[in-house]
1. Quick check: residue separation of R152 and F139 times 0.36 nm, minus the Cα distance between them. What number comes out in nm?
2. Percent antiparallel among DSSP beta bridges with both residues in the chain, to the nearest 5?
3. At a 10 Å Cβ-Cβ cut-off, how would you order M43, M227, fewest neighbours first?
4. Ranking request for peptides 24-34, 231-241: highest mean number of other beta-carbon atoms within 10 Å first, then the rest in descending order.
5. Treat the count of other C-beta atoms within 10 Å as a stand-in for reagent exposure and order D40, D157 from fewest to most.
6. Quick one: angle between helix 228-242 and the longest Cα principal axis of the chain, in degrees between 0 and 90, rounded to 10, please.
7. In which sequence would L20, L62 go, from the one with the fewest C-beta neighbours within 10 Å to the one with the most?
8. For the chain, what does the helix formula give at 222 nm: sum of -39500 (n - 2.57) over DSSP H segments with n ≥ 4, over the residue count, nearest 500 deg cm²/dmol?
Amino acid sequence: MDTVSILGLPIRRVSTEQALAFVTDAIARRDRPRHIVTADASMAVIARRDPELRAIIAAADLVTPDGFGILWASRLLRTPITHKVSGVDLVGHVCRLSTECGWRVFFLGAAPGVAEEAAARLRAWYPGAQIVGTQDGYFTPDQEPDVLARIRAAAPDVLLVAFGIPKQEKWIARHRAELNIPISVGVGGSFDVYSGRVKRAPVWMQEHGWEWLHRLASNPKKIGKVMTLPEFVLLALRQRFLGAS
Ligand code: UDP
């Protein structure tokens with residue numbers, strides 16, 4: 001697993017199997033809490049303006065390539081990454097492996113009810129999956145101690161946090177030591193997708209770089225995220241032709 005720098009993000013060239021082996025190993029060792037970041041094009045742009053997020057990504061234990069934009073830029077930069085490991089994919093694989101390995105998984109984030117709906121559908125797909133707790137992502141600072149206590153009491157092996165970028169990464173970094181969970185991952189809009197409330201783009205759109213258009217059509221509020229894409233393209237071209245990252 002080598003590391004490729006895409007607009008300054010240290011992205012690991014990793015297969016889904018290698019990412020899951022990393023999770024398996026961390027749960028077996030239980031020696032320290034590990035943070036997996038799934039990095040997409042919008043994260044690369046946001047991190048340029050957000051030194052706290054940059055530091056968190058630099059300190060993460062595994063940064064995976066998430067999305068067509070990163071794969072496109074890696075080819076442009078002559079350091080091709082051919083496989084993506086997205087947050088949505090990781091959620092599905094972790095729940096699948098939970099049935100085989102008994103991993104305890106906690107879903108934190110999304111609007112009230114969404115994480116429960118996602119958990120119910122994933123339990124139906126993977127009977128026996130140990131989804132040991134859910135909590136929406138709209139609690140107040142006053143409620144946070146209770147949320148932390150509930151997570152600790154559930155004793156998860158994997159904490160999936162869906163607050164969007166960069167809130168989820170900052171929350172994981174802030175609480176990772178006290179929670180001491182083997183694996184925490186920021187998974188963006190994954191619970192919206194698994195709950196069935198948001199439809200994922202057709203595979204041909206995902207594979208040809210049109211997922212952003214599908215997201216925008218199904219939720220015009222996504223315009224902020226989509227607006228980072230032209231900047232991402234320009235920054236990648238600059239890194240390629242001027243060598244600046
Ligand atoms: N969200 C949340 N708490 C917040 C803000 C957002 O739980 O304070 C949730 C939101 O409901 C959605 C997810 O975070 O389920 C963000 O999804 P998005 O697809 O926007 O994530 P990104 O594109 O940043 O990965």
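1. Contour length minus the Cα-Cα distance gives 3.0 nm.
2. If we restrict to bridges inside the chain, about 15 percent are antiparallel.
3. Result, fewest neighbours first: M227, M43.
4. Put in order of decreasing packing, that is 231-241, 24-34.
5. D157, D40
6. That helix lies at roughly 50 degrees to the long axis.
7. Values: L20 17, L62 22.
Result, fewest neighbours first: L20, L62.
8. Only helices count here, giving -15500 deg cm²/dmol.
The numbers here are math on the coordinates, done by the rules we state, and not lab data. Computed from a predicted structure; not experimentally measured. Every residue, glycine as well, gets a Cβ built from its backbone with ideal geometry; the counts of neighbours run over all protein chains shown.
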